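See structure below.
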Amino acid sequence: MWGPDTAFADPGFLYGLLALPLLVVWYLRRHRRMASRLRYSTLHPFERAKPTLRERLRHVPFLLRCAALALLVVALARPQTVSQGQTIYTEGIDIVLLLDISGSMLAEDFQPNRIDAAKKVAQSFVDGRQNDRIGLVVFAGQSFTQCPMTLDYTVLKNLLRAVRPGMVEDGTAIGMGIAQGVNRVKDSEARSKVMILLTDGVNNRGEIDPITATQLAQTYDIRIYTIGVGTVGEAPYPIQTPFGVRYRNIPVDVDEKTLEKIAEMTGGRYFRATNNRALERIYAEIDKMEKTRVEVTSYRSYAELYYGWAALGLGTMILAIVLGGTILRKHP
(Lines give C-alpha, C1' and ligand atoms only; values in the text may rest on other atoms or scores of the structure.)
Protein backbone atom coordinates (compact mmCIF):
# COMPACT_ATOMS: atom_id res chain seq x y z
CA MET A 1 0.00 0.00 0.00
CA TRP A 2 3.02 2.24 0.39
CA GLY A 3 6.29 2.41 -1.50
CA PRO A 4 9.16 4.70 -2.48
CA ASP A 5 7.15 6.13 -5.41
CA THR A 6 4.18 7.14 -3.27
CA ALA A 7 3.32 10.79 -2.65
CA PHE A 8 0.42 12.89 -1.33
CA ALA A 9 -1.66 15.10 -3.61
CA ASP A 10 -2.94 17.22 -0.68
CA PRO A 11 -0.37 16.82 2.10
CA GLY A 12 -1.83 19.73 4.09
CA PHE A 13 -4.54 17.42 5.45
CA LEU A 14 -1.86 15.44 7.31
CA TYR A 15 -1.77 18.21 9.91
CA GLY A 16 -5.03 16.68 11.10
CA LEU A 17 -2.97 13.88 12.68
CA LEU A 18 -1.84 16.41 15.29
CA ALA A 19 -5.32 16.13 16.82
CA LEU A 20 -4.68 12.52 17.93
CA PRO A 21 -2.42 13.34 20.91
CA LEU A 22 -4.96 15.92 22.05
CA LEU A 23 -7.75 13.33 21.89
CA VAL A 24 -5.67 10.88 23.93
CA VAL A 25 -5.04 13.51 26.62
CA TRP A 26 -8.72 14.45 26.68
CA TYR A 27 -9.77 10.79 26.96
CA LEU A 28 -7.41 10.04 29.85
CA ARG A 29 -8.56 13.08 31.82
CA ARG A 30 -12.20 12.24 31.21
CA HIS A 31 -11.64 8.65 32.27
CA ARG A 32 -10.06 9.75 35.56
CA ARG A 33 -12.93 12.16 36.35
CA MET A 34 -15.52 9.43 35.77
CA ALA A 35 -13.78 6.90 38.00
CA SER A 36 -15.62 6.24 41.33
CA ARG A 37 -13.76 6.10 44.61
CA LEU A 38 -14.71 4.01 47.65
CA ARG A 39 -12.83 3.53 50.86
CA TYR A 40 -12.25 0.06 52.32
CA SER A 41 -10.43 -0.93 55.49
CA THR A 42 -8.72 -3.72 53.61
CA LEU A 43 -8.41 -4.93 50.01
CA HIS A 44 -7.93 -8.53 51.04
CA PRO A 45 -11.37 -9.69 49.71
CA PHE A 46 -10.53 -8.31 46.24
CA GLU A 47 -7.10 -9.89 45.86
CA ARG A 48 -8.44 -12.91 43.97
CA ALA A 49 -10.85 -10.88 41.84
CA LYS A 50 -9.79 -10.77 38.19
CA PRO A 51 -10.93 -8.14 35.64
CA THR A 52 -13.47 -9.40 33.13
CA LEU A 53 -12.83 -9.45 29.37
CA ARG A 54 -15.09 -6.44 28.98
CA GLU A 55 -13.00 -4.52 31.50
CA ARG A 56 -9.80 -5.46 29.71
CA LEU A 57 -11.17 -4.26 26.37
CA ARG A 58 -12.95 -1.14 27.60
CA HIS A 59 -10.52 1.20 25.81
CA VAL A 60 -10.71 -0.60 22.45
CA PRO A 61 -13.59 1.53 21.01
CA PHE A 62 -11.62 4.72 21.67
CA LEU A 63 -8.44 3.29 20.15
CA LEU A 64 -10.42 2.17 17.10
CA ARG A 65 -11.90 5.66 16.72
CA CYS A 66 -8.37 7.13 16.84
CA ALA A 67 -7.18 4.65 14.24
CA ALA A 68 -10.21 5.43 12.05
CA LEU A 69 -9.49 9.15 12.33
CA ALA A 70 -5.85 8.64 11.31
CA LEU A 71 -6.86 6.50 8.32
CA LEU A 72 -9.44 9.05 7.14
CA VAL A 73 -6.95 11.91 7.46
CA VAL A 74 -4.47 9.98 5.30
CA ALA A 75 -7.27 9.32 2.78
CA LEU A 76 -8.06 13.06 2.63
CA ALA A 77 -4.37 13.73 1.85
CA ARG A 78 -4.85 11.53 -1.26
CA PRO A 79 -1.89 9.16 -1.37
CA GLN A 80 -0.84 8.31 -4.93
CA THR A 81 1.71 6.15 -6.65
CA VAL A 82 3.69 8.11 -9.23
CA SER A 83 4.95 6.33 -12.33
CA GLN A 84 7.35 8.26 -14.52
CA GLY A 85 9.95 7.53 -17.15
CA GLN A 86 12.05 9.04 -19.89
CA THR A 87 12.97 7.66 -23.27
CA ILE A 88 15.84 9.29 -25.16
CA TYR A 89 16.64 8.71 -28.80
CA THR A 90 19.92 10.23 -29.92
CA GLU A 91 21.95 10.52 -33.07
CA GLY A 92 25.41 10.92 -31.60
CA ILE A 93 27.98 13.25 -33.09
CA ASP A 94 31.69 12.49 -33.02
CA ILE A 95 33.70 15.68 -32.62
CA VAL A 96 37.47 16.12 -32.81
CA LEU A 97 39.01 19.34 -31.52
CA LEU A 98 42.15 20.15 -33.51
CA LEU A 99 44.22 22.65 -31.53
CA ASP A 100 47.35 24.46 -32.71
CA ILE A 101 49.96 24.53 -29.89
CA SER A 102 52.79 26.17 -31.80
CA GLY A 103 54.88 28.82 -30.07
CA SER A 104 53.01 31.68 -31.77
CA MET A 105 49.92 30.69 -29.76
CA LEU A 106 51.55 32.47 -26.80
CA ALA A 107 50.95 35.85 -28.47
CA GLU A 108 48.93 38.13 -26.20
CA ASP A 109 46.49 39.74 -28.59
CA PHE A 110 44.01 37.51 -26.70
CA GLN A 111 43.74 37.51 -22.91
CA PRO A 112 45.81 36.12 -21.32
CA ASN A 113 47.11 34.68 -24.61
CA ARG A 114 45.84 32.77 -27.63
CA ILE A 115 46.38 29.25 -26.28
CA ASP A 116 44.71 29.87 -22.92
CA ALA A 117 41.79 31.68 -24.56
CA ALA A 118 41.34 28.76 -26.97
CA LYS A 119 41.45 26.22 -24.12
CA LYS A 120 38.87 28.17 -22.11
CA VAL A 121 36.28 28.37 -24.90
CA ALA A 122 36.92 24.74 -25.84
CA GLN A 123 36.13 23.70 -22.26
CA SER A 124 32.91 25.71 -22.36
CA PHE A 125 32.03 24.05 -25.65
CA VAL A 126 32.55 20.60 -24.11
CA ASP A 127 30.37 21.55 -21.12
CA GLY A 128 27.50 22.27 -23.50
CA ARG A 129 27.56 18.86 -25.18
CA GLN A 130 25.64 15.72 -24.26
CA ASN A 131 25.76 12.20 -25.68
CA ASP A 132 28.56 13.13 -28.11
CA ARG A 133 31.99 11.54 -28.21
CA ILE A 134 34.71 14.17 -28.26
CA GLY A 135 38.45 13.78 -28.83
CA LEU A 136 41.42 16.17 -28.77
CA VAL A 137 44.26 16.32 -31.29
CA VAL A 138 47.05 18.88 -30.89
CA PHE A 139 49.65 19.86 -33.42
CA ALA A 140 52.70 22.06 -33.87
CA GLY A 141 55.64 20.71 -35.91
CA GLN A 142 54.02 17.28 -35.42
CA SER A 143 50.58 16.10 -34.35
CA PHE A 144 49.40 13.63 -31.75
CA THR A 145 46.21 12.56 -30.00
CA GLN A 146 45.99 14.19 -26.59
CA CYS A 147 42.64 12.51 -25.78
CA PRO A 148 40.93 9.67 -27.73
CA MET A 149 37.22 9.86 -28.47
CA THR A 150 35.38 9.74 -25.17
CA LEU A 151 32.15 10.50 -23.34
CA ASP A 152 34.11 11.18 -20.15
CA TYR A 153 34.21 14.95 -20.42
CA THR A 154 36.01 15.32 -17.08
CA VAL A 155 39.01 13.39 -18.39
CA LEU A 156 38.89 15.31 -21.66
CA LYS A 157 38.92 18.70 -19.92
CA ASN A 158 41.77 17.65 -17.62
CA LEU A 159 43.86 16.67 -20.65
CA LEU A 160 42.87 19.90 -22.40
CA ARG A 161 44.05 21.96 -19.43
CA ALA A 162 47.43 20.18 -19.59
CA VAL A 163 48.04 21.31 -23.18
CA ARG A 164 50.78 23.93 -23.67
CA PRO A 165 53.18 25.08 -26.39
CA GLY A 166 56.49 23.26 -26.37
CA MET A 167 55.02 19.78 -25.94
CA VAL A 168 56.39 18.93 -29.41
CA GLU A 169 58.84 20.61 -31.75
CA ASP A 170 57.68 23.97 -33.03
CA GLY A 171 56.05 24.60 -36.36
CA THR A 172 52.55 24.43 -37.84
CA ALA A 173 51.61 21.09 -39.37
CA ILE A 174 47.96 21.73 -40.20
CA GLY A 175 47.79 18.84 -42.67
CA MET A 176 49.16 16.40 -40.11
CA GLY A 177 46.63 17.61 -37.55
CA ILE A 178 43.74 17.01 -39.95
CA ALA A 179 45.07 13.56 -40.89
CA GLN A 180 45.38 12.62 -37.22
CA GLY A 181 41.81 13.77 -36.64
CA VAL A 182 40.58 11.68 -39.56
CA ASN A 183 42.22 8.61 -38.01
CA ARG A 184 40.24 9.26 -34.82
CA VAL A 185 36.80 9.16 -36.45
CA LYS A 186 37.13 7.41 -39.82
CA ASP A 187 35.75 4.12 -38.44
CA SER A 188 33.02 5.79 -36.39
CA GLU A 189 29.39 4.77 -36.88
CA ALA A 190 28.12 8.16 -35.72
CA ARG A 191 25.55 9.84 -37.96
CA SER A 192 27.69 12.99 -38.02
CA LYS A 193 31.47 13.41 -37.84
CA VAL A 194 32.92 16.84 -37.19
CA MET A 195 36.33 18.43 -36.69
CA ILE A 196 36.95 21.93 -35.32
CA LEU A 197 40.36 23.20 -36.43
CA LEU A 198 41.88 26.19 -34.64
CA THR A 199 45.18 27.68 -35.78
CA ASP A 200 46.98 31.01 -35.95
CA GLY A 201 49.44 30.31 -38.76
CA VAL A 202 50.40 28.83 -42.08
CA ASN A 203 51.18 25.18 -42.73
CA ASN A 204 54.99 24.89 -42.79
CA ARG A 205 55.71 21.39 -41.50
CA GLY A 206 54.56 17.79 -41.96
CA GLU A 207 54.48 15.18 -44.68
CA ILE A 208 50.83 15.84 -45.61
CA ASP A 209 49.65 19.18 -46.90
CA PRO A 210 46.28 20.56 -45.66
CA ILE A 211 44.37 20.06 -48.93
CA THR A 212 45.43 16.41 -49.29
CA ALA A 213 44.41 15.77 -45.69
CA THR A 214 41.09 17.51 -46.36
CA GLN A 215 40.44 15.24 -49.34
CA LEU A 216 40.95 12.31 -46.96
CA ALA A 217 38.35 13.84 -44.62
CA GLN A 218 35.95 14.15 -47.57
CA THR A 219 36.30 10.43 -48.22
CA TYR A 220 34.96 9.67 -44.74
CA ASP A 221 32.26 12.37 -44.88
CA ILE A 222 33.87 14.44 -42.12
CA ARG A 223 32.82 18.10 -41.84
CA ILE A 224 35.53 20.57 -40.79
CA TYR A 225 34.97 23.97 -39.19
CA THR A 226 38.10 26.13 -39.34
CA ILE A 227 38.97 29.03 -37.05
CA GLY A 228 41.80 31.48 -37.68
CA VAL A 229 42.90 33.27 -34.52
CA GLY A 230 44.87 36.49 -34.29
CA THR A 231 44.32 40.18 -34.50
CA VAL A 232 44.83 42.13 -37.72
CA GLY A 233 48.37 43.40 -38.22
CA GLU A 234 50.79 42.66 -35.40
CA ALA A 235 50.47 41.01 -31.98
CA PRO A 236 52.63 41.32 -28.83
CA TYR A 237 54.72 38.21 -28.23
CA PRO A 238 56.53 37.57 -24.91
CA ILE A 239 60.26 36.86 -25.06
CA GLN A 240 62.26 35.66 -22.05
CA THR A 241 65.50 37.67 -21.59
CA PRO A 242 68.10 37.86 -18.80
CA PHE A 243 66.27 41.00 -17.70
CA GLY A 244 62.85 39.36 -17.54
CA VAL A 245 60.02 39.12 -20.02
CA ARG A 246 60.12 41.55 -22.91
CA TYR A 247 57.56 41.94 -25.69
CA ARG A 248 58.08 42.12 -29.42
CA ASN A 249 55.41 42.73 -32.00
CA ILE A 250 55.20 39.90 -34.53
CA PRO A 251 53.14 39.91 -37.74
CA VAL A 252 49.89 37.95 -37.68
CA ASP A 253 49.92 35.57 -40.61
CA VAL A 254 46.80 33.39 -40.81
CA ASP A 255 46.40 31.39 -44.01
CA GLU A 256 42.75 32.31 -44.45
CA LYS A 257 42.53 31.10 -48.04
CA THR A 258 43.57 27.57 -47.09
CA LEU A 259 41.28 27.52 -44.06
CA GLU A 260 38.36 28.72 -46.18
CA LYS A 261 39.13 26.02 -48.77
CA ILE A 262 39.22 23.29 -46.08
CA ALA A 263 35.83 24.34 -44.75
CA GLU A 264 34.31 24.67 -48.22
CA MET A 265 35.50 21.24 -49.35
CA THR A 266 33.93 19.47 -46.36
CA GLY A 267 30.70 21.44 -45.97
CA GLY A 268 31.88 23.35 -42.92
CA ARG A 269 32.50 27.06 -42.35
CA TYR A 270 35.50 29.31 -41.82
CA PHE A 271 35.58 31.82 -38.95
CA ARG A 272 38.07 34.53 -38.03
CA ALA A 273 38.53 35.39 -34.35
CA THR A 274 40.39 38.59 -33.51
CA ASN A 275 39.65 38.67 -29.76
CA ASN A 276 38.27 36.57 -26.89
CA ARG A 277 34.66 37.60 -27.36
CA ALA A 278 34.70 36.79 -31.06
CA LEU A 279 36.17 33.36 -30.31
CA GLU A 280 33.42 32.67 -27.78
CA ARG A 281 30.75 33.65 -30.32
CA ILE A 282 32.29 31.35 -32.95
CA TYR A 283 32.23 28.30 -30.68
CA ALA A 284 28.67 29.16 -29.60
CA GLU A 285 27.61 29.29 -33.26
CA ILE A 286 29.26 25.96 -34.06
CA ASP A 287 27.62 24.50 -30.98
CA LYS A 288 24.17 25.53 -32.26
CA MET A 289 24.83 24.16 -35.76
CA GLU A 290 26.08 20.82 -34.47
CA LYS A 291 23.61 20.07 -31.69
CA THR A 292 22.84 16.40 -31.14
CA ARG A 293 19.24 15.56 -31.97
CA VAL A 294 17.66 14.34 -28.77
CA GLU A 295 14.04 13.27 -28.65
CA VAL A 296 12.75 12.88 -25.12
CA THR A 297 9.47 11.18 -24.39
CA SER A 298 8.56 11.68 -20.76
CA TYR A 299 5.45 10.59 -18.96
CA ARG A 300 4.03 10.71 -15.47
CA SER A 301 0.93 8.85 -14.32
CA TYR A 302 -0.77 8.71 -10.96
CA ALA A 303 -2.74 5.88 -9.34
CA GLU A 304 -5.01 6.97 -6.48
CA LEU A 305 -4.63 4.99 -3.26
CA TYR A 306 -7.02 6.89 -1.01
CA TYR A 307 -9.91 4.49 -1.73
CA GLY A 308 -8.33 1.76 0.36
CA TRP A 309 -7.41 4.14 3.19
CA ALA A 310 -10.92 5.61 3.24
CA ALA A 311 -12.59 2.19 3.19
CA LEU A 312 -10.34 0.93 5.99
CA GLY A 313 -11.01 4.09 8.02
CA LEU A 314 -14.78 3.82 7.64
CA GLY A 315 -14.69 0.11 8.45
CA THR A 316 -12.68 0.80 11.60
CA MET A 317 -15.10 3.56 12.65
CA ILE A 318 -18.12 1.27 12.13
CA LEU A 319 -16.42 -1.46 14.16
CA ALA A 320 -15.75 1.01 16.98
CA ILE A 321 -19.40 2.12 17.01
CA VAL A 322 -20.72 -1.46 16.93
CA LEU A 323 -18.44 -2.66 19.75
CA GLY A 324 -19.15 0.46 21.81
CA GLY A 325 -22.89 -0.05 21.43
CA THR A 326 -23.02 -3.80 22.02
CA ILE A 327 -20.34 -5.98 23.60
CA LEU A 328 -18.29 -3.15 25.08
CA ARG A 329 -21.18 -0.80 25.80
CA LYS A 330 -20.79 1.17 28.97
CA HIS A 331 -23.64 0.72 31.44
CA PRO A 332 -25.20 3.86 32.94
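Couple of notes before you dig in:
- Residue selected from region 248-295 under the condition among the hydroxyl-bearing types (Ser, Thr, Tyr) and at pLDDT 95 or above, by the criterion farthest from residue 235 (Cα to Cα): 266
- Considering only residues in region 302-312 that are buried (at least 16 other Cβ atoms within 10 Å of the Cβ) and modelled with pLDDT under 80, the one that is nearest to residue 67 (Cα to Cα) turns out to be 306.
- Subset of region 171-199 that is in contact (Cβ under 8 Å) with a residue 12 or more places away in the chain and charged (D, E, K, R) - its residue that is farthest from residue 253 (Cα to Cα): 191
- Residue list for region 140-150, restricted to those being in contact with a strand residue (DSSP E or B) (Cβ under 6 Å, 6 or more places away or on another chain) and hydrophobic (A, V, I, L, M, F, W, C): 147, 149
- Qualifying strands (runs of 3 or more DSSP E) (wholly inside region 137-245; at least 1 residues being surrounded by fewer than 16 Cβ atoms within 10 Å (Cβ to Cβ), over 34 Å from the mean Cα position of the chain (by Cα) and of a type in the set (Asp, Glu)): 234-241
- Filter result for residue 242 (more than 15 Å from residue 197 (Cβ to Cβ) and at pLDDT 95 or above): no
- Some residue of region 142-154 being under 19 Å from residue 222 (Cα atoms) and of a type in the set (Phe, Trp, Tyr): yes
The values are calculated or read from the model by the stated rules, or taken from the named source; none is laboratory data. Because the structure is predicted, anything quoted here is derived from the model rather than measured. As a convention, Cβ positions derive from the backbone with ideal geometry for all residues, glycine included, and neighbour counts pool all protein chains shown.
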